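Chemist: Structure incoming, see below.
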Amino acid sequence: MRLENKKIVAVVDEEFEDLELWYPILRLQEEGATVDLVGEKADHTYTGKYGVPATTKFSYDQVEAANYDAILVPGGWAPDKLRRFPKLLQIVREMDQDQKAIGQICHAGWVLISAGILKGRKVTSTPGIKDDMENAGATWFDEAVVIDGHLISSRRPPDLPPYAKAFADYVAKN
């Protein structure tokens, strides 16, 4: 189990993209990682776009970036809500500063934009937020996975296999 001692925070809010949250989580858990679901409220059940529930263990105020090796931000409509929490944006900035893995897929780029960490970075996302990513200073590529150092980005659910693998590989090496 190559991720046995790794801790990852996965953030969630209402209308997350079900596959973009659960596929990477299950893949990381299969490799031995501990993945904590975190949201605005601890012990709260959020519902994905297609009805799959996700119950948080902690709230943003209960976690510190220093205690984790990586963060996963799913897409869907949740990122438009997630980007409004200063504590979450602080966690993302601290993870970026410490060069810990940051995984973002689809609309999750909005969270990274609001955290102010995309200037000069190479990324991908759903094409729907390409302009937002570029306006934040990133160079956008229409590829299944783009890796720029510790930032691993992807476009949409069909890209989940290479995205989850790239994220797990980065976490395993660092």
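Chemist: Tell me which of these GLY51 doesn't satisfy, since it passes every other one: (1) surrounded by fewer than 22 Cβ atoms within 10 Å (Cβ to Cβ); (2) touching a residue at least 60 places away in the same chain (Cβ under 8 Å).
Modeler: Condition not satisfied by GLY51: (2).
Chemist: From the list GLU4, GLU40, exactly one residue is modelled with pLDDT of 95 or more, under 21 Å from GLU94 (Cβ atoms) and of a type in the set (Asp, Glu). Which is it?
Modeler: Just a single option satisfies the conditions, and that option is GLU40.
Chemist: Across segment 140-174, which residue is most open to solvent (accessible area, probe 1.4 Å) among those that are over 21 Å from ASP69 (Cβ atoms) and touching a residue at least 24 places away in the same chain (Cβ under 8 Å)?
Modeler: ARG156
Chemist: Pairs only if they're at least six apart or on different chains, beta carbon under 6 angstrom, first in segment 1-16 and within 20 Å of VAL63 (Cα to Cα), second part of a strand (DSSP E or B) and of a type in the set (Asp, Glu); list them, first residue then second.
Modeler: VAL9/ASP36
Chemist: Moving to a separate point now. Inspect segment 64-76 for any residue being open to solvent by less than 50 Å² (accessible area, probe 1.4 Å) and touching a Phe, Trp or Tyr at 6+ places or on another chain (Cβ under 6 Å) and give the result as yes or no.
Modeler: For segment 64-76, residues open to solvent by less than 50 Å² (accessible area, probe 1.4 Å) and touching a Phe, Trp or Tyr at 6+ places or on another chain (Cβ under 6 Å): present.
Chemist: From ALA78, ALA108, ALA115, grab the single residue that is over 23 Å from PRO158 (Cα atoms) and among the aliphatic types (A, V, I, L, M).
Modeler: ALA115
Chemist: Moving to a separate point now. Are any of the residues in segment 91-101 open to solvent by 50 Å² or more (accessible area, probe 1.4 Å), of a type in the set (Lys, Arg) and within 16 Å of the chain's Cα centre (by Cα)?
Modeler: The answer is yes, given that some residue of segment 91-101 is open to solvent by 50 Å² or more (accessible area, probe 1.4 Å), of a type in the set (Lys, Arg) and within 16 Å of the chain's Cα centre (by Cα).
Chemist: Okay, moving on. Report the residue count in segment 6-58 for those that are among the polar types (S, T, N, Q) and under 19 Å from VAL171 (Cβ atoms).
Modeler: Summing the residues that are among the polar types (S, T, N, Q) and under 19 Å from VAL171 (Cβ atoms) in segment 6-58 gives 2.
Chemist: Identify the residue in segment 1-16 that is open to solvent by 20 Å² or more (accessible area, probe 1.4 Å) and not in a strand (DSSP E or B) and, among all such residues, is nearest to GLY51 (Cα to Cα).
Modeler: Filtering segment 1-16 for residues that are open to solvent by 20 Å² or more (accessible area, probe 1.4 Å) and not in a strand (DSSP E or B), the one nearest to GLY51 (Cα to Cα) comes out as GLU15.
Chemist: Just the residues that are open to solvent by less than 40 Å² (accessible area, probe 1.4 Å) and either part of a strand (DSSP E or B) or of a type in the set (A, V, I, L, M, F, W, C) (or both), please, taken from segment 17-41.
Modeler: If the condition is that a residue be open to solvent by less than 40 Å² (accessible area, probe 1.4 Å) and either part of a strand (DSSP E or B) or of a type in the set (A, V, I, L, M, F, W, C) (or both), then LEU21, ILE25, LEU28, ALA33, VAL35, ASP36, LEU37, VAL38, GLY39 are the ones that fit.
The values are calculated or read from the model by the stated rules, or taken from the named source; none is laboratory data. What you see is a predicted model; the values in this text were computed from it and never measured. FYI the Cβ positions are ideal-geometry reconstructions off the backbone, even for glycines, and counts take in every protein chain you see. To get the accessible areas, we keep the full protein, side chains included, count just its heavy atoms, and leave off ligands, DNA and RNA. Shrake-Rupley method; radii C 1.70, N 1.55, O 1.52, S 1.80 Å.
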